[in-house]
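The values are calculated or read from the model by the stated rules, or taken from the named source; none is laboratory data. Please read all numbers here as calculations on a predicted model, not as lab measurements. Methodologically, a virtual Cβ is constructed for each residue, glycine included, from the backbone with ideal geometry; neighbour enumeration extends over all protein chains shown.
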Amino acid sequence: MSGTPPPGGAPVGDPPMGETPVGDPPVADPIASPPSAGRRRLAARGTLINSGFQIGIGGLNMLRTVVVAGFLTTTDFGIWGIVLLTVAFAGVMKGAAIGDKYVQQSEEDQELAFQKAFTLDLIFAGLFFVLSCAVAPLLALAYGQWELVAPALALSVVIPSSALHAPVWVFYRRMDFLRQRLVLSVDPIASFVVTIALAAAGLGYWSLVLGVVSGSIVGAVVAMAMAPIRPRLVYDRGTMWEYVNFSWPLVIAAGGGILMGQLSLLLGNAALGLAAAGAIALASSIAIWTDSIDRIITQTLYPAICRVVDRKELLLETFTKSNRLTLLWGMPFGVALALFAPDLVDFGIGDKWDEAVVLLQVFGLSAAINHIGFNWDAFYRATGRTRPVMFVSLTGIFTLLGVGGPLLFVNGLDGYAIGVATMTVVTLVLRWHFIRRFFPGFPIARYIARAIAPTVPAVAAVLAIRLLASGERTASLAAIEVATYLVATVAATLILERGLLRESIGYLRRRGPGAPAPELSPSGSGG
């Protein structure tokens, strides 16, 4: 790599990037050439496309979790949660090392840039695969459960196979989100089919292990077949150090988050047994789905943010509207999980999960709150400032373990829930500190009030029904409350955010030649 690229890559209006060596056809880089309005349109359409895919795939994953929870015992689910987090620790750290920097770079030869990044990803995949295999027996020793070794080793195969998914980076950087999502969807769909079939056949936690491995391998085959740039091994020492300097705080932040989950399961097992670890794993799995749209919207916008990082007014507009879009569903879903967690247990996954009700409720509220300002870190990453991301992540980890860990032994799962709530408040405060530093004068109070507003009528309607209802609670009554909640949420959203919705739909409509793109107004009205 020739020198360090300016933060955020090329400014708006730069000529197209992506010249290849003489004799080869140039590799076009569509993200470099569209004007500001065109890039806005790509980002807006991409947000809606990715959100639609992620709602479907995320819903499929959550359905898999709920269905399999009905087949598995709490102990089996605890084993799965422990094994998954162990392998995810290595996998997430590997993933954080390359992808973001590849999108941010602005080399002239984009084919060579991809091949160097692909080579580094394979190297990191090999290292973290060895690490994951080495940790497996230590994990069994820590939990006193030697049956953890085999599934942990089997699941480690996902790490090297995930490196073969690298061609989707090219679609991502070009903001070709439809192809990116189609390729990425192969993995979870294949995993869902295999997992459900094996769980129904009585394979217990092995259904989840084999399902995830199968999905990753099938997804890798499809990604390599659809690669828009020929994968080739090209190692460059200078490139490696640029990636390391950019990525090490992100690697620590990502690895720390997974380590926090693993330590939580370890403490749950030590305090209350594997059943408690299973409860924590279940609550985390469902809550993670509420964060999935946040992550996908952040990923959608990140390439565009990198290209307009010198235009602060456009960054503020992007931050505000992307947050409002994700809050349209994230806040209602998290609050609904808190409202209906007892019904999910009683009429859904079974009474064996009774002790997890409070934990599910707290995780739901925590997920709802975490949607506020969710993508702040993308703006720091786009400017090459990754240390604040690490600081916030590590502070949250220490808060949860420092508060929730001891209370887990004193008050059980309810004590751990207090730790989750404390961590949520602390990280939200730190998040807003860094947002105010990036966007001085940002109206935080008004923003939070607007985020909560569409959910208030829905919650009030459900509480009114519960106040008026008498007698034993039934599945029918719970269904009526859920329907009321949905209708009230949709109605309030249409009233309070009609301008934003109208503007978003406008980006999906095809325009005739010469027709102007819908303009994003800084005020956020969209109208």
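Of Val403, Val410, Val420, Val425, all but one fail to be buried (at least 21 other Cβ atoms within 10 Å of the Cβ) and modelled with pLDDT of 85 or more; the exception is Val420.
The residue of region 472-500 that is nearest to Ala451 (Cα to Cα), among those that are touching a Lys or Arg at 6+ places or on another chain (Cβ under 8 Å) and touching a residue at least 60 places away in the same chain (Cβ under 8 Å), is Glu497. Restricting the search to region 446-473, which residues are at pLDDT below 85, exposed (fewer than 12 other Cβ atoms within 10 Å of the Cβ) and either over 20 Å from Val345 (Cα atoms) or of a type in the set (A, V, I, L, M) (or both)? Within region 446-473, Arg446, Ala449, Ser470 qualify.
Matching residues to (1) modelled with pLDDT of 85 or more; (2) farther than 30 Å from Ala478 by Cα; (3) not acidic (Asp, Glu); (4) not in a helix (DSSP H, G or I):
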| site | (1), (2), (3), (4) |
| --- | --- |
| Leu301 | no, yes, yes, no |
| Cys306 | no, yes, yes, no |
| Glu317 | no, yes, no, no |
| Trp329 | no, no, yes, no |
| Val345 | no, no, yes, no |
| Trp353 | no, no, yes, no |
| Phe363 | yes, no, yes, no |
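On inspection, Ala367 does not qualify as buried (at least 23 other Cβ atoms within 10 Å of the Cβ), touching a residue at least 24 places away in the same chain (Cβ under 8 Å), over 30 Å from Trp248 (Cβ atoms) and not charged (D, E, K, R). Cβ separations smaller than 6 Å between residues 6+ apart or across chains give the following pairs from region 239-253 residues that are closer than 13 Å to Phe391 by Cβ to residues that are surrounded by 21 or more Cβ atoms within 10 Å (Cβ to Cβ) and modelled with pLDDT under 80: Leu250/Ala96.
If you go through region 130-166 and pick out every residue that is under 27 Å from the mean Cα position of the chain (by Cα) and touching a residue at least 12 places away in the same chain (Cβ under 8 Å), you end up with 23. The test for being surrounded by 11 or more Cβ atoms within 10 Å (Cβ to Cβ), at pLDDT 90 or above and either of a type in the set (A, V, I, L, M, F, W, C) or not in a loop (DSSP other than H, G, I, E, B) (or both) does not hold for Ala517. Each residue in region 442-455 was checked for being assigned to a helix (DSSP H, G or I) and either without any contact (Cβ under 8 Å) to a residue 12 or more places away in the chain or hydroxyl-bearing (Ser, Thr, Tyr) (or both), and 5 pass.
Scanning region 221-239 for residues that are assigned to a helix (DSSP H, G or I) and buried (at least 17 other Cβ atoms within 10 Å of the Cβ) turns up Val222, Ala223, Thr239. For region 220-243, the set of residues classified as touching a Leu at 6+ places or on another chain (Cβ under 7 Å) and among the small types (Gly, Ala, Ser) consists of Ala220, Ala223, listed by residue number. The residues listed here are Val234, Val251, Val209; of these, the one that is in contact with a Pro (Cβ under 6 Å, 6 or more places away or on another chain) and either of a type in the set (Val, Ile, Thr) or over 15 Å from Ile98 (Cβ atoms) (or both) is Val209. In this structure, Trp206 does not satisfy being free of Cβ contacts under 8 Å to residues at least 60 places away in the same chain and within 18 Å of Thr119 (Cα to Cα). Cβ-Cβ under 6 Å, sequence separation 6+ or interchain: first residue in region 172-183 and in contact (Cβ under 8 Å) with a residue 12 or more places away in the chain, partner hydroxyl-bearing (Ser, Thr, Tyr) and in a helix (DSSP H, G or I). Which pairs? Note: pairs meeting the criteria are Gln180/Tyr172. Restricted to region 399-415, and to residues there that are in a helix (DSSP H, G or I) and touching a residue at least 40 places away in the same chain (Cβ under 8 Å), the residue that is farthest from Leu325 (Cα to Cα) is Phe409.
Applying the condition of being among the β-branched types (Val, Ile, Thr) and more than 20 Å from Val459 (Cβ to Cβ) to region 317-344 and asking which residue is surrounded by the most Cβ atoms within 10 Å (Cβ to Cβ) yields Thr318.
Look through region 456-505, keep the residues that are of a type outside the set (Ser, Thr, Tyr) and outside any helix (DSSP H, G or I), and return whichever of them is nearest to Asp343 (Cα to Cα). Among residues in region 456-505 that are of a type outside the set (Ser, Thr, Tyr) and outside any helix (DSSP H, G or I), the one nearest to Asp343 (Cα to Cα) is Arg473. In region 399-412, is there at least one residue being on the phi > 0 side of the Ramachandran plot and more than 23 Å from the chain's Cα centre (by Cα)? Yes, region 399-412 has at least one match.
Residues are listed down the side, and each one gets a yes or a no for (1) modelled with pLDDT of 70 or more; (2) in a loop (DSSP other than H, G, I, E, B); (3) surrounded by 21 or more Cβ atoms within 10 Å (Cβ to Cβ); (4) of a type in the set (Gly, Ala, Ser):
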position: Pro11; (1), (2), (3), (4): no, yes, no, no
position: Thr47; (1), (2), (3), (4): no, no, yes, no
position: Val66; (1), (2), (3), (4): yes, no, no, no
position: Gly70; (1), (2), (3), (4): yes, no, no, yes
position: Tyr102; (1), (2), (3), (4): yes, no, yes, no
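Contact annotation: residue pairs with Cβ atoms under 6 Å, 6 or more positions apart or on different chains, pairing a residue in region 416-441 that is over 30 Å from Glu317 (Cβ atoms) with a partner that is of a type in the set (Val, Ile, Thr), are Ala417/Val358; Ala417/Val362; Gly419/Val403; Val420/Val362; Ala421/Val362; Thr422/Thr399; Thr422/Val403; Met423/Thr399.
Of everything in region 232-268, what is touching a helix residue (DSSP H, G or I) at 6+ places or on another chain (Cβ under 6 Å) and charged (D, E, K, R)? Give them in sequence order. Listed by number, the residues that qualify are Arg232, Asp236.
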